[in-house]
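K.L.:
Dropping the structure in here first, questions after.
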Amino acid sequence: MSAAPTLADLAWEEVVALHAFFEAWLREGNAPMDFSEVEQAIGKDFRIISPDGTTEERDLVISSIRTSRGSRGPDFTILVLDPRAIWTGESAVLLEYTEQQYRAGRTTRRRSTALFLANPSAPRGVAWCHLQETWLEA
């Protein structure tokens with residue numbers, strides 16, 4: 001009998017699944033895809049601090065993703081690597097990971113720290129609450 005997944009396990013599953021969705025969403029303009037899962041996974045109070053220091057709230061992030069469909073081209077890829085739970089509480093987890101993107105012959109990398117809250121109505125049982133990204137050398 002295997003142990004139930006931890007919050008850190010659920011958060012990593014969420015990171016992998018959402019980035020797989022983003023890769024497909026940003027590559028393909030016409031494939032049928034259900035955007036509601038993105039909206040369910042991103043918490044109501046979500047905010048992101050991008051690598052350039054810009055802060056955006058949930059509504060702007062969702063709108064930006066929605067309108068960027070098919071904008072990255074057919075060679076666009078995203079890999080998420082090196083997950084590490086920094087802190088875990090009873091109903092929250094702070095997860096660190098590396099995101100690597102490839103587009104038009106160029107690779108970029110960023111180190112991300114994401115706070116997830118337990119949320120049974122979210123697709124994988126956790127919701128994104130906060131995300132901060134920092135550029136890394138590729």
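None of the figures in this text is laboratory data; all of them are computed from the coordinates on show. What you are looking at is a predicted structure, and each value in this text was computed from that prediction instead of being measured. For neighbour counting, all protein chains shown are included, and Cβ atoms are generated from backbone atoms with ideal geometry for every residue, glycine included.
K.L.:
For the chain, what is the relative contact order in percent, using Cα pairs closer than 8 Å and at least 6 residues apart in sequence?
P.N.:
Relative CO of the chain lands at 28 percent.
K.L.:
A follow-up question, please. List the residues, sorted by chain then number, that are 5 or more residues from G70 or on another chain and whose placed amide H is less than 5 Å from its amide H.
P.N.:
L26, R27, E28
K.L.:
Once the Cβ-Cβ distance between T67 and W135 is put in as r, and R0 is 25 Å, what FRET efficiency do you end up with, to the nearest 0.05? If you can, show how the numbers build up before the last one.
P.N.:
Values: r = 24 Å, r/R0 = 0.95.
The value I calculate is 0.55.
K.L.:
Farthest toward the dipole's positive end in the chain, which of A104, C129, L10, given Cβ charges of +1 (Lys, Arg) and -1 (Asp, Glu) about the Cα centre?
P.N.:
Of the candidates, A104 comes out farthest on the positive side.
K.L.:
Could you check the simple spin-label distance between N30 and T6, using points 7 Å along Cα→Cβ, in nm with one decimal?
P.N.:
4.6
K.L.:
A follow-up question, please. Which ³J(HN,Hα) values, rounded to whole Hz and listed in residue order, are derived for the range 54-66 from phi using the Karplus coefficients 6.51, -1.76 and 1.60 in 6.51 cos²θ - 1.76 cosθ + 1.60 with θ = phi - 60°, glycine and proline given as x?
P.N.:
Once θ is set to phi - 60°, the couplings for the range 54-66 become 6, 10, 10, 8, 3, 4, 5, 4, 5, 4, 5, 5, 4 Hz.
K.L.:
Once you have the Cα-Cα distance between S121 and L60, take 0.36 nm times their residue separation minus that, and quote the gain in nm to one decimal. Could the numbers behind the result be given before it?
P.N.:
Values: separation 61, 0.36 × 61 = 21.96 nm, distance 2.21 nm.
Length gained, S121 through L60: 19.8 nm.
K.L.:
Still on this structure, I have one more. For the chain, what is the convex hull volume of the alpha-carbon atoms per residue, in Å³? Kindly include the intermediate steps, with their values, before the conclusion.
P.N.:
Numbers: hull volume 17.4 nm³, N = 138.
Convex hull of Cα atoms, per residue: 126 Å³.
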